[in-house]
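The values are calculated or read from the model by the stated rules, or taken from the named source; none is laboratory data. Source: prediction; values computed, not measured. Glycine gets a Cβ as well: all are built from the backbone with ideal geometry, and neighbour counts include every protein chain shown. Heads up: the accessible areas ignore ligands, DNA and RNA and are worked out on the full protein's heavy atoms, side chains in. Shrake-Rupley method; radii C 1.70, N 1.55, O 1.52, S 1.80 Å.
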Amino acid sequence: MGYKYIGKSYIRPDAIGKVTGKAIFLDDIRIPGMLHATILRPEYAHAKILKIETGEAEACPGVVKVVTGASCHYHYGDNIRDLVPMAVDKVRYIGEPVAAVIADTPKHAKAALEKIHVTYQPLPVYIDARQAMSQDAVLIHENLGDYWHLPTLDPVPGTNIANRYHLKKGRGGEGFGEADVIVEGEFDYPFGSCAALEPHGAIVWFKEDKTIEVWSSSICPFIIRDDLALSYGVPAADVRVHIPDIGGCFGYKSDITVEQTIAWIASFVPGSPVKWVATRQEDFTSTLIAHGIRTHMKIGAKKDGRLVAIQSTIYHSTGAYADTGVNISIAATHNSTGPYEFPHCEMTGYTVYTNTPAVGAYRGYGHQEAQLATERMMDMLARKLGMDKFELRAMNYLGEGKINALGERMYKYNGDIQTCAREVQADVFGKELPKEDEQFFYGRGFAAVMKSPKGAPFSTKSCFMKMNTDGSVNINMGGAEVGQGLRTIIRQVAAEALMIPPEKIRVYNELDTQFSPYEWQTIGSMFTMQGGRAIIRTADKLIKVLKETAAQALKTDVDYLEYDGQFIYLRSDPAMRIAVGDLARGYITGDGITIGDYAQAAADARLPRYANPDKNGQGSTGVTYTFGAQAVELRIEKKSGKIFVDRFSSMFDVGQVVNPLQIRGSVLGGVTMAIGAALHEELLFDDEGHILNPQLFKYHIPTIKDAPEQKIEFLETPDMIGPFGARGIGEHSVIGAAPAILNAIHDATGIDFYAIPITPEKMKQALEGMKEVAA
């Protein structure tokens, strides 16, 4: 089916403001009477607080108030209420808020902070989940059994296990009795950071009229609103949250992060707005970090390559608080099959408290971490079977009629991974690989990709439209623009649904809970699917309003009328028509009487039948999937161990490309980001829980110099849920890079790696070890 506006490239409506520097970000906001906060962090990652002395700080110039957590008696969290806005009695990670100074200027606040003196009693520190799970481990949360949590969660009181998730399909682990060949291994996806260009920040204002107003660099204004309303005992309607332009997210600005802490601080100076913006170091140490997932996996197969059983155990070092990490653990667990069908599955995920900053969302949300193991194991299984790795995969891919680990049946409209894999294979493996020479080893690697959304059953995206008298349309939604091009998608989907040019549609540029339609949060690569469906529903309602008004004016029934974007007309006599602009405010008759309703409408959309898992850990908790394939060509310099990614190929079945230029940019950036994770990025901790590289000059994120040549293609098998057949793609490009690169390293050298990043030092050490074995 051909579309007029879908499938074409349009420039982003917010592009001009950003390139001219006129977009308004959080740190640009100034409010009369605004005060500034700085926050004291502990010198220990795990310790009891014995005494906090604030007198010296309180006497410093410009200081209005010094705040501690001593009087704080509430916890918060949407999944498990284990969070506190400021440390009470003990600290659990190196970046935790211990005290704060509120002053008239940032300089005065920073100077006074150094005058606060804290006495600690150090406690044992655990960086890795297995350390924290040991029988003699000190409890990080002694009151775990008292915390409210969602009924679907299974915390283990008396341990550091914040949640235990188990999934069983078929005979579970007993299914390995049917296997002829078994492979097993353990893989580590280390700690990292989203490291967005703009750090976290917030402004909170407890007003004299008992309302609370907030500005935040977050993507979840309604979660912030509801959490603060609950914590401070006010109606949600009395909390107003603004989200200005956001300078990147990649995951860690979802969920509530710094807002509760800044609200706690601001609550001590009612009447004055209080601003805090993280330093780059604080953005690493004191917001949300990523990953920390260790996957132990066992796969069994028949001699002919047919997969029989999988057993995976996810050990998630989720940090000092589990509220933002628990669903990542669950997603990693039930998606650890990757894009393959296994008749028997035994999968367990442990969300474990550790003494690091809390782990939160990162682009991919548990998929790339677990599927690092899956795709490495598929190559290993192929070698053990003496079988072609592509043939092995092809006979086991999920597809029409297959059943995934959650018990969901796949249909044709879920996508065609077979074609994606064949195209990528032909592109990268369809030519001769260069021979090893004096300088380099050469290798190629492949990975198949699958991602589900992992949201919440009640998650919805809403849309409000109003038509103007010139036929143009204003649209408000609750989705946050973080660089993904969401506003462009809104214009194009609405233009197609309303049959008007995108240029006649004006999209919102700020979120405000007072005026924006409800959205849970902008996550899971779901805005195009859910938000697009909401746009179509709203457009249909808007057209219905126009037709109902026109029916009165034309003295006919609604079902005889048609809409073409410019006119409502009589199907049997198209000359009998009224311009839509003349219907926008109701129709004004010749004698000045106005009939009909104002042309405005609202609607929302959820995923159909999205549910919580059942007692087996299964259920309709995926609903929609995007499949794809990725492959890499690389060189390894023998002298230095440096890995050069020369070329990267990706193909995804996205259902329908909405904006070709934009979707290619998304995949290109995601691949580059994932190459950084595979080869460079790791947030390093010492044994005492200190972060050793909380700065961009020490934490190596990829630059344009690291970006390889890329071939990016898309398949379009229309989806049944998304607008005009489109499905999610925002996160998927980060999933396959790491396993493809590790598979390529083995192809080049015969060396198997089980953890990333593969830095030049690690690669050179492994090459030297290979020489020693050969000698």
Practice problem: Residue by residue through the range 445-480, note down the ones that are farther than 30 Å from Y340 by Cα, more than 15 Å from the chain's Cα centre (by Cα) and not polar (S, T, N, Q). | Solution: K461, C463, F464, M465, K466, M467, D470, G471, V473, I475, M477, G478
Exercise. Return yes or no: is I16 at pLDDT below 95, under 29 Å from the mean Cα position of the chain (by Cα), aliphatic (A, V, I, L, M) and open to solvent by 30 Å² or more (accessible area, probe 1.4 Å)?
Key: yes
Exercise. Please find, among T594, T626, the residue that is surrounded by 20 or more Cβ atoms within 10 Å (Cβ to Cβ) and either assigned by TED's automatic domain parsing to the domain that holds K466 or in contact (Cβ under 8 Å) with a residue 60 or more places away in the chain (or both).
Key: T626
Exercise. Filter the range 599-612 down to residues that are open to solvent by 40 Å² or more (accessible area, probe 1.4 Å) and either among the β-branched types (V, I, T) or touching a helix residue (DSSP H, G or I) at 6+ places or on another chain (Cβ under 8 Å) (or both) and give me whichever is farthest from L153 (Cα to Cα).
Key: Q600
Quiz item: For the range 508-516, does any single residue satisfy the condition of being modelled with pLDDT under 95, under 19 Å from F250 (Cα atoms), assigned by TED's automatic domain parsing to the domain that holds V580 and buried (at least 23 other Cβ atoms within 10 Å of the Cβ)?
Solution: no
Quiz item: Restricting attention to the range 749-775, and to residues there that are part of a helix (DSSP H, G or I) and of a type in the set (S, T, N, Q), which single residue is least open to solvent (accessible area, probe 1.4 Å)?
Solution: T749
Quiz prompt | Within the range 659-705, tally of residues that are surrounded by 16 or more Cβ atoms within 10 Å (Cβ to Cβ), of a type in the set (A, V, I, L, M) and in a loop (DSSP other than H, G, I, E, B) | solution = 2
Exercise. Would you check if there is a residue in the range 577-584 being under 43 Å from the mean Cα position of the chain (by Cα) and open to solvent by 50 Å² or more (accessible area, probe 1.4 Å)?
Key: no
Quiz prompt | Number of the condition not met by D686 [criteria: (1) over 22 Å from E481 (Cα atoms); (2) in contact (Cβ under 8 Å) with a residue 60 or more places away in the chain; (3) in contact with a Leu (Cβ under 8 Å, 6 or more places away or on another chain); (4) not aromatic (F, W, Y)] | solution = (2)
Practice problem: Provide a single number: the residues in the range 213-237 that are assigned to a strand (DSSP E or B) and surrounded by fewer than 22 Cβ atoms within 10 Å (Cβ to Cβ). | Solution: 1
Exercise. Kindly establish whether S71 is among the small types (G, A, S), open to solvent by 40 Å² or more (accessible area, probe 1.4 Å) and closer than 23 Å to P270 by Cα.
Key: yes
Exercise. Check the range 352-365 and report whether any residue there is open to solvent by 10 Å² or more (accessible area, probe 1.4 Å) and within 25 Å of G177 (Cβ to Cβ).
Key: no
Exercise. Tell me which of these T522 doesn't satisfy, since it passes every other one: (1) more than 20 Å from F567 (Cβ to Cβ); (2) open to solvent by 40 Å² or more (accessible area, probe 1.4 Å).
Key: (2)
Practice problem: Determine the pairs where a residue that is more than 21 Å from T287 (Cα to Cα), located within the range 354-371, has a partner that is among the aromatic types (F, W, Y) and not in a loop (DSSP other than H, G, I, E, B) with Cβ atoms under 9 Å apart, the partner being 6 or more residues away or on another chain. | Solution: Q368/Y189; A370/F187; A370/Y189
Practice problem: Considering only the range 374-493, give the strands (runs of 3 or more DSSP E) lying wholly within it that have at least 1 residues that are open to solvent by less than 30 Å² (accessible area, probe 1.4 Å), touching a Cys at 6+ places or on another chain (Cβ under 6 Å) and touching a residue at least 40 places away in the same chain (Cβ under 8 Å). | Solution: 473-477
Quiz item: Can you find a residue in the range 251-260 that is among the acidic types (D, E), buried (at least 24 other Cβ atoms within 10 Å of the Cβ) and touching a residue at least 12 places away in the same chain (Cβ under 8 Å)?
Solution: yes
Self-check item: Some residue of the range 497-504 being open to solvent by 50 Å² or more (accessible area, probe 1.4 Å), among the aliphatic types (A, V, I, L, M) and at pLDDT 95 or above
Solution: yes
Quiz prompt | Tally of residues being of a type in the set (K, R) and either crowded, with 18+ Cβ neighbours inside 10 Å or under 10 Å from H117 (Cα atoms) (or both) across the range 31-58 | solution = 2
Exercise. Search the range 644-655 for residues that are part of a loop (DSSP other than H, G, I, E, B) and pair each with any residue that is among the acidic types (D, E) when their beta-carbon atoms are under 6 Å apart and the residues are at least 6 apart or on different chains.
Key: G655/D719
Quiz item: Out of (1) touching a residue at least 24 places away in the same chain (Cβ under 8 Å); (2) closer than 29 Å to T105 by Cα; (3) not in a strand (DSSP E or B), what's the single condition that is false for R240?
Solution: (3)
Quiz item: From the set of residues in the range 724-748 that are β-branched (V, I, T) and in a loop (DSSP other than H, G, I, E, B), which is nearest to F648 (Cα to Cα)?
Solution: I735
Exercise. Collect the residues in the range 517-557 that are farther than 19 Å from M467 by Cβ and either in a helix (DSSP H, G or I) or among the small types (G, A, S) (or both), keeping them in residue-number order.
Key: G524, S525, F527, T528, M529, Q530, G531, G532, R533
Self-check item: Enumeration of residues in the range 270-296 that are open to solvent by less than 50 Å² (accessible area, probe 1.4 Å), farther than 15 Å from Y252 by Cβ and either assigned to a loop (DSSP other than H, G, I, E, B) or basic (K, R) (or both)
Solution: G271, S272, P273, K275
Self-check item: Single residue of I299, I265 found to be at pLDDT 95 or above and part of a helix (DSSP H, G or I)
Solution: I265
